[in-house]
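> Structure provided below as structure tokens; questions to follow.
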């Protein structure tokens, strides 16, 4: 049973790390879009992508950790 729990914990850890990496990739995409945009509309879209990626970077890993936390002993 312990091996199964260890495997599940390892998988969940890597999913949290993957969520962080996806958020960083989104932020980089937004910065590239801001830098290469010639008009205002793509720059605004890039800013929105960066802000949403920063929000995702802060909220999603914490929400996953909260959802998967070990229940308290009774």
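> To the nearest 0.05, how large is the calculated FRET efficiency for residue 17 and residue 66 if R₀ is 25 Å and r is the Cβ-Cβ distance?
Details: r = 16 Å, r/R0 = 0.65.
It comes out at approximately 0.95.
> While we're looking at this one, here's another question. Calculated from DSSP H runs of 4 or more alone, at -39500 (n - 2.57) each and per residue, what is the 222 nm mean residue ellipticity of the chain, nearest 500?
Taken over the chain, the calculation gives -31000 deg cm²/dmol.
> I would also like to ask the following. Using R₀ = 25 Å, calculate the FRET efficiency as 1/(1 + (r/R₀)^6) where r is the Cβ-Cβ separation of residue 55 and residue 6; round to 0.05.
0.20
> Here's another thing I want to ask about it. Please report the relative contact order for the chain, taking Cα pairs under 8 Å with a sequence separation of at least 6, and give it as a percent rounded to a whole number.
Details: 52 pairs, mean separation 24.3, N = 74.
Contact order relative to length: 33 percent.
> With springs only between Cα atoms under 10 Å apart, run a GNM on the chain and tell me which of 37, 53, 23 wobbles the most.
Looking only at 37, 53, 23, the largest GNM fluctuation is found for 37.
> What label, among [x] 37, 12, 5; [y] 35, 20, 12; [z] 54, 23, 8, belongs to semi-axes √(5λ) of the Cα gyration tensor in Å computed from the structure on display?
The value matching this structure is [x].
> Looking only at region 1-31, which residues have a backbone nitrogen under 17 Å from a spot 7 Å from the Cα of residue 73 in the C-beta direction?
Taking a point 7 Å out along Cα→Cβ of residue 73, the residues of region 1-31 whose backbone N falls under 17 Å are 2.
> With springs only between Cα atoms under 10 Å apart, run a GNM on the chain and tell me which of 36, 20, 12 wobbles the most.
36
The numbers here are math on the coordinates, done by the rules we state, and not lab data. This one's a predicted model, so the numbers in the text were calculated from it and none came from an experiment. Neighbour counts are summed over all protein chains in view; Cβ atoms, including those assigned to glycine, are modelled from backbone coordinates with ideal geometry.
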